[in-house]
1. Given the condition charged (D, E, K, R), farther than 20 Å from Gly314 by Cβ, outside the structural domain of Ile263 (by TED's automatic domain parsing) and at pLDDT 75 or above, answer yes or no: does some residue in segment 127-143 qualify?
2. Is it true that some residue in segment 341-362 is over 22 Å from Phe271 (Cβ atoms) and in contact (Cβ under 8 Å) with a residue 40 or more places away in the chain?
3. For segment 304-317: of the residues being surrounded by 17 or more Cβ atoms within 10 Å (Cβ to Cβ) and not hydrophobic (A, V, I, L, M, F, W, C), which is farthest from Arg108 (Cα to Cα)?
4. Please go through segment 300-315 and pick out each residue that is of a type outside the set (Val, Ile, Thr) and at pLDDT 80 or above.
5. Can you find a residue that is over 20 Å from Ser207 (Cβ atoms) and aliphatic (A, V, I, L, M) anywhere in segment 315-327?
6. Looking only at residues in segment 120-142 that are small (Gly, Ala, Ser) and closer than 15 Å to His320 by Cβ, which one is nearest to the chain's Cα centre (by Cα)?
7. Out of all the residues in segment 109-146, which are among the hydrophobic types (A, V, I, L, M, F, W, C) and in a strand (DSSP E or B)?
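The values are calculated or read from the model by the stated rules, or taken from the named source; none is laboratory data. If you're wondering where the values come from, they're calculated on a predicted model, not measured in any experiment. As a convention, Cβ positions derive from the backbone with ideal geometry for all residues, glycine included, and neighbour counts pool all protein chains shown.
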Amino acid sequence: MNKWFQPIQMAHLVLAHFKEVRRQPAVIFWGIIFPILISLGLGLAFTRQAEVERQVAVIADETKAETHEARSRIEVLLQAHGSPASETQAGMPQYKVTIEDEALGRTRFVFIDTDWRHAIKLLKQGSISLILKETDQGLKYHFDPLNPEAQLAYLKLSKLLSGQDTPPSSISSGVEPLTVEGARYIDFLIPGLISMGVMMSCMWGISYGMIEKRSKKMLRRMVATPMRKSHFLMALMVVRIVMNFIEAGILFLFAALVFDISIQGSLFALFVIFVAGNIAFGGIAILTCSHTANTEVGNGLINAVVLPMSVLSGIFFSYHNFPDWSLPVIEKLPLTVLADGIRRIFIQGAGVAETAVPAMILLAVGICFFSAGLRVFKWH
């Protein structure tokens, strides 16, 4: 009579499956080692020295020769906690004030002396979240009230400048909500989501679909057909581009109806950089899926492309929050180039001239990766 449970048989089956996994070291790497590397990188990026940096644009009242009392408090902070003046990449003078807190760690305020136009540009880029403007009535705080980061920066800075243990008695004291088009957090977010949608659609729609077909022996049937590999792969990219236009259009329509999002720049420039971004990630997807037939390995390869850029490329928050040494690398990532380009068109009114270079970079990336993927592509 058969037993309902046979431990020896079960042990042999478990051992056989372990040996099967051991023969595929790539699965172990992507399942164990790669997540550890990602956690190490993000841990170093977000837990360094328990320090939070808040960049604030300061706009002086040029019509007044004397210094207001509120402005003089900033000067006192600079003398007590500040560092020597430096310049931003745009040549604007900036001053750093570091405040020590045993419970919450260090908070560094970076005051950037600039004008209103440049301050709005920095706000739309996500480089700053708060504008401090000097007026006859003191300092006015300009920010999006729906942005939690801006609210926190306001609470900390108003407490610091007031010299009190608590913020001003009225939470809205000196606050003037921004009504400039494109200055809200949702205006920053939607172009990033459109860009990330392009990457996700290409990587999972092309790469994973191709790997799954290869693992099921479906691609080997196409070897006997008089079909060129390049035509087959380009057809995949064309379908994905059309699908991405539909998906991005639906997302934009939803955002326009619900959040009153608008496109301030050139529609033709948006079309060009969107197609270039699709070609870039289509080429990356082709190279990613060109050689493997194992879905677990393919899953790891796709995540190796998708996950770092989703975190680093400034989709949900500005990538300027990362350490300065990492910014040159982050700015060159394909998703960063695409997101920054679409964001310039949406909220800064950019045209073809401003987005021509990013579009050419994305197009070159797509052609290079597609060519490499075509050379190593195999049907089975």
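1. yes
2. Checked against the condition, which is being over 22 Å from Phe271 (Cβ atoms) and in contact (Cβ under 8 Å) with a residue 40 or more places away in the chain, segment 341-362 yields no hits at all.
3. So the residue we want is Pro308.
4. Leu301, Asn303, Ala304, Leu307, Pro308, Met309, Ser310, Leu312, Ser313, Gly314
5. Yes, segment 315-327 contains a residue that is over 20 Å from Ser207 (Cβ atoms) and aliphatic (A, V, I, L, M).
6. Filtering segment 120-142 for residues that are small (Gly, Ala, Ser) and closer than 15 Å to His320 by Cβ, the one nearest to the chain's Cα centre (by Cα) comes out as Gly126.
7. Once the filter is applied, which keeps residues that are among the hydrophobic types (A, V, I, L, M, F, W, C) and in a strand (DSSP E or B), segment 109-146 yields Phe109, Val110, Phe111, Ile112, Leu130, Ile131, Leu132, Leu139, Phe143.
Conditions tested, residue by residue: (1) part of a loop (DSSP other than H, G, I, E, B); (2) touching a residue at least 24 places away in the same chain (Cβ under 8 Å); (3) loosely packed, with under 11 Cβ neighbours inside 10 Å.
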{"residue": "Lys217", "(1), (2), (3)": "yes, yes, no"}
{"residue": "Pro226", "(1), (2), (3)": "yes, no, yes"}
{"residue": "His231", "(1), (2), (3)": "no, no, yes"}
{"residue": "Met243", "(1), (2), (3)": "no, yes, no"}
{"residue": "Glu247", "(1), (2), (3)": "no, yes, no"}
{"residue": "Phe254", "(1), (2), (3)": "no, no, no"}
{"residue": "Val258", "(1), (2), (3)": "no, no, yes"}
{"residue": "Leu270", "(1), (2), (3)": "no, yes, no"}
{"residue": "Phe274", "(1), (2), (3)": "no, yes, no"}
